[in-house]
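Here the structure is laid out as structure tokens; the discussion comes afterwards.
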Amino acid sequence: MSSKIGLNLTTNYSINFDPQKRDKKSIRFVIIHYTGMKREKDAIKKLCDSKSKVSSHYFIKNSGNILNLVPDLYTAWHAGFSNWKGLKSLNKYSIGIEINNPGHDHKYRKFSSKQTVSLIKLLRFLLKKYNIKKKNVLGHSDISPDRKKDPGEKFPWKKLAKMNLCSWHNLNEDKIKRFRNLSLSKFEEKIFLKNLYSLGYSKIIGSQYNQKKINLINSFQRKFRQSLINGKIDQECLLISKSLIKL
């Protein structure tokens, strides 16, 4: 595989996966994570430790080298409790990619250029092999906004979009900035949330509605309005959501 996609790929198998092989056609999503741990070797160890009950299909090291931890046709344990487009437990339908990064709890930093280059090559390969739509390349926070922040606001979604590897709005960011912090009517707030639900985000239900709404907005902003994550809906967010719906 490394010769086909020009990657330095090493097998380093984890035992954390479902034993039943899945159909190739069931793979519909790629979910991107950061490790959220201080040391790379500890993150790799955790993903391969039977006691941890977590794993991913691929791990991108600081060097850009990629470890293949779980074969694609087996279900890895990376998404946990998750929801997208009404589908629950995204593990069954996805390939998980962990990128080494200490995350928000340990001095969150930008992803290295070597990591990004390797990710681009890997995504090109996976999207083509499994006929995955670019809108189905998601972050962990997209599918679990109440639990997760990764890959976070320093992840290069816009760069991936330019490579046709994920969705992005088609608005001029300098022009829409003037709509930032402009408040919405209650009706416009409903439109914004409806747009997010149409994109695939899970509907807010049950208790703690206000906190769940903030989590949902933060998740959206970490991906599509990375320069300001404040959990507040404004006119800029509404414009971005409307643009994404039209894609």
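Rule-based calculations on the coordinates, nothing more; no lab input. As the structure is a prediction and not an experimental result, all values here were calculated from the model. Counting neighbours? That spans all protein chains shown, and the Cβs are built from the backbone with ideal geometry, glycine included.
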Next item on the list: Would you please give the FRET efficiency between Lys24 and Asn230, computed as 1/(1 + (r/R0)^6) with r the Cβ-Cβ distance and R0 = 51 Å, to the nearest 0.05?
Entry: 0.80
Note to self: Under the 0.36 nm per residue contour assumption, what length would be gained going from the current alpha-carbon distance of Ser243 and Ile120 to full extension?
What the structure shows: 41.9 nm
Next item on the list: Using the charge dipole of the chain (Lys, Arg: +1 at Cβ; Asp, Glu: -1 at Cβ; taken about the Cα centre), state which of Leu171, Gly139, Ser227 has its Cα farthest towards the positive end.
Entry: Leu171
Next item on the list: Run a plain Debye calculation on the stretch 120-213 (Cα atoms as equal point scatterers, no solvent) and give log10 I(q)/I(0) at q = 0.19 Å⁻¹, rounded to two decimals, same order as the q list.
Entry: -1.18
Note to self: Out of all DSSP beta bridges in the stretch 2-162, what portion is antiparallel? Express it as a percent rounded to 5.
What the structure shows: 30
Next item on the list: May I ask you to derive the relative contact order of the chain, considering only C-alpha pairs under 8 Å and at least 6 residues apart, and to give it as an integer percent?
Entry: 20
Notebook entry, point to check: Going down the table (Lys53/Lys134; Lys92/Lys162; Lys149/Lys223; Lys223/Lys246; Lys194/Lys232; Lys177/Lys242), which pairs top 21 Å between alpha carbons?
Noted result: Lys53/Lys134; Lys92/Lys162
Notebook entry, point to check: Pick the calculated semi-axes √(5λ) of the Cα gyration tensor in Å for this structure from [x] 40, 25, 17; [y] 30, 19, 18; [z] 41, 17, 14?
Noted result: [y]
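When only C-alpha pairs under 8 Å and at least 6 residues apart count, what is the relative contact order of the stretch 173-245, in percent? Could the numbers behind the result be given before it?
On the way: 61 pairs, mean separation 36.9, N = 73.
Value for the stretch 173-245: 51 percent.
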Notebook entry, point to check: Using mean Cβ contacts within 10 Å as the protection proxy, how do 217-223, 160-166 order, highest first?
Noted result: 217-223, 160-166
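Gain in length, Ile15 to Lys203, computed as 0.36 nm per residue apart minus the alpha-carbon separation, to one decimal in nm?
Working: separation 188, 0.36 × 188 = 67.68 nm, distance 3.39 nm.
Result: 64.3 nm gained on full extension.
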Checklist line | FRET E, pair Leu171, Asp49, Förster distance 35 Å, beta-carbon r, rounded to 0.05 | finding: 0.20
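Hull surface divided by four, with the convex hull built on the Cα atoms of the stretch 1-141: how many nm²? Don't skip to the answer; put the middle values down first.
On the way: hull surface 32.4 nm².
Result: a mean projected hull area of 8.1 nm².
Given +1 on the Cβ of Lys and Arg, -1 on the Cβ of Asp and Glu, and no further charges, what dipole in debye does the chain carry about its Cα centre, rounded to the nearest 20?
Details: 51 positive and 18 negative charges, 84 e Å.
That gives a dipole near 400 debye.
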Notebook entry, point to check: Based on the Cβ-Cβ distance of Asn181 and Lys158, what FRET efficiency does E = 1/(1 + (r/R0)^6) give at R0 = 30 Å, to the nearest 0.05?
Noted result: 0.90
